[in-house]
1. Give the residue that is farthest from the other protein chains (Cβ to nearest Cβ), with candidates limited to residues of the stretch A:54-77 that are free of Cβ contacts under 8 Å to residues at least 40 places away in the same chain and over 22 Å from A:GLY108 (Cβ atoms).
2. Could you figure out which of (1) open to solvent by 30 Å² or more (accessible area, probe 1.4 Å); (2) modelled with pLDDT of 95 or more; (3) in contact with an Asp or Glu (Cβ under 9 Å, 6 or more places away or on another chain) isn't true of B:GLY172?
3. Out of the stretch B:48-86, which residues are out of contact with any helix residue (DSSP H, G or I) (no Cβ under 7 Å at 6 or more places or on another chain) and either more than 23 Å from B:SER114 (Cα to Cα) or assigned to a loop (DSSP other than H, G, I, E, B) (or both)?
4. For the condition away from chain B (no Cβ under 14 Å) and small (Gly, Ala, Ser), what is the one hit in A:GLY108, A:GLY85, A:GLY101, A:GLY51?
5. Quick one: B:GLY357 ticks every box in (1) of a type outside the set (Ser, Thr, Tyr); (2) closer than 15 Å to B:LEU92 by Cα; (3) at pLDDT 95 or above bar one, so which box is it?
6. Select the helices (runs of 4 or more DSSP H) contained entirely in the stretch B:299-416, then report the ones holding at least 1 residues which are open to solvent by 30 Å² or more (accessible area, probe 1.4 Å) and more than 13 Å from chain A (Cβ to nearest Cβ).
7. Checking the condition in the same structural domain as B:TYR359 (by TED's automatic domain parsing), within 29 Å of B:LYS352 (Cβ to Cβ) and out of contact with any Asp or Glu (no Cβ under 8 Å at 6 or more places or on another chain), which residue from B:VAL188, B:VAL208 passes?
8. Scan the stretch B:221-257 for residues that are in a strand (DSSP E or B) and either aliphatic (A, V, I, L, M) or at negative phi (or both) and report the count.
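The values are calculated or read from the model by the stated rules, or taken from the named source; none is laboratory data. Quantities reported herein were computed from a predicted structural model and do not represent experimental measurements. Note that each Cβ is placed from the backbone with ideal geometry, even for glycine, and that neighbours are counted across all protein chains shown. Please note that ligands, DNA and RNA were not included when accessible areas were found on the heavy atoms of the full protein model with its side chains. Shrake-Rupley method; radii C 1.70, N 1.55, O 1.52, S 1.80 Å.
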Amino acid sequence: MFVIDCPHCGPRDQAEFAYAGEAHIARPANADELTDAEWAGYVFMRRNGKGLYAERWWHAAGCRKFFNMLRNTATDQIHAVYRIGERPPEVKADLPRTPSGEASIGSGNDAVKLVRDTGAGDA
Amino acid sequence: MKRYSALELLREGLRGHTGWRKVWRHPEPKPSYDAVIIGGGGHGLATAYYLAREHGMTNIAVIEKGWIGGGNAGRNTTIIRSNYLFDESAALYNHAFGLWKTLGRELNFNIMMSHRGVLNLAHDDGEMRQLKRRVESNRLNGVEAEWLDAKEVKGFCPAINISPDIRYPVLGATLQRSGGVNRHDAVVWGYARAADAMGVDIIQQTEVTNILTESGEVTGVETTRGTIRTPKVASVTAGHTSVIAKMVDLRLPIESHPLQALVSEPVKPVLNCVVMSNAVHVYCSQSDKGELVIGAGIDAQLSYTQRGNLDIIEHQMASLMELFPMFSRLRMMRQWGGIVDVCPDASPIISKTPVKGFYVNGGWGTGGWKATPGSGHVFADLIARDEPNAIAAPFAMERFVTGALVAEHGAAAVAH
């Protein structure tokens, strides 16, 4: 379980929150000029990154406000929470050294970790 | 390929199992191949097998980051069924269903296929209507299905609690009698052995780190063991489809989530079929070893960690207790998570891409295992002919632009 530090209410259990997908996706201003492919890009296509990821959460059982979070999807470590409208802060994270590699902690993917050296990064 | 037989089993039994050979080779990667498949799971190995057997493409490599059977192939709950609602899905999953029936014999490998029946429970009037509709739709599509009322459910599966006093009483269920479970390791080992025997190189503990392109066409891959030239690269990596697609600057409508499962201590035979419930949200079967194999829904957040959160476990245990109060004293032995690539319409992507020579088979969400042979079969066809066949065509990624989605959230039977 995550303990999520709501920027409005403070740290609470994840059970109070709902996940709301990738952050910083702006609705196109020129909606009536968009092609079908551009609409598909806005509605469906996501970065789905492995590593640092900016995402929205909703404090459903608390202040009921949306906010943004910077989380490492390779380790589930939460690096920062910030309010809607703010820019994501600079953080230092333990990232995989290769695109689909595993971080040195927390990934749970032992099938891949066992064959690598135990240096920094994807051990 | 040296075939297994009862005689050989007897002989090895008598001489202390000293004569078994390695089941597949561990070759060094060659400098070039006719096609490279990224991902040595069930779908990837099935793709390689059918490419070699049906299309004569034997100069191919399967590149696997971990080991065969170490990823999602070994992390699923092995349920086999094809009772999907829409015509497109019924065609795809029933194609796989047909291949499962003879796969063990074909691969000369005991995949322990057990056609013990799959129940999908209904807990309210709306769900009952929806599931009855699915039975009719299944029958129109040639998929075996029937409707059981609560008493018939109890008759078919005596362990289940059909008391009308529980919070979500069992009102009835669909039954696919020929559905069931099999042995996931045996399937991937069997495919690996058969593909290897036809000359396919299975390269384990090697990660693809980049896909090389020249003027919009695939020319090779970079791996942790050097560069390999190839005109065709096929991504079959449950959990990392987006990561692979990003190597050719392709965005996909996929989010990756952990999906957890767990097993109990082994007990004597008590559960004679597969029971799935979408509403109270748990699914359960008993392995041949006696363990209850239990699964439920995905974790809400995007994640590549193969662990998942405990609230999901708590939720699925509560659901299990409601349906089977007798399991309340069972101890759970271990829990694990796999990463599933989820599409917005809960259907997979089997597709060519704008990058010539790059093919994607992914986004199977929570239900990829049952599709393994069919997925490999139609994907091999797509790679070899560069055109999707009738079964694969509705699952091309263009559907997210045209709007012709195959929205199977109900029949996927797990909340996405």
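1. A:ARG64
2. That leaves (1) as the condition not met.
3. B:ARG53, B:GLY56, B:ASN59, B:ALA61, B:ILE63, B:GLU64, B:ARG75, B:THR77, B:PHE86
4. Testing whether each residue is away from chain B (no Cβ under 14 Å) and small (Gly, Ala, Ser) leaves just A:GLY85.
5. Result: B:GLY357 fails condition (2) only.
6. In the stretch B:299-416, B:310-323, B:372-385, B:409-412 are the helices (runs of 4 or more DSSP H) which contain 1 or more residues that are open to solvent by 30 Å² or more (accessible area, probe 1.4 Å) and more than 13 Å from chain A (Cβ to nearest Cβ).
7. B:VAL188
8. 13
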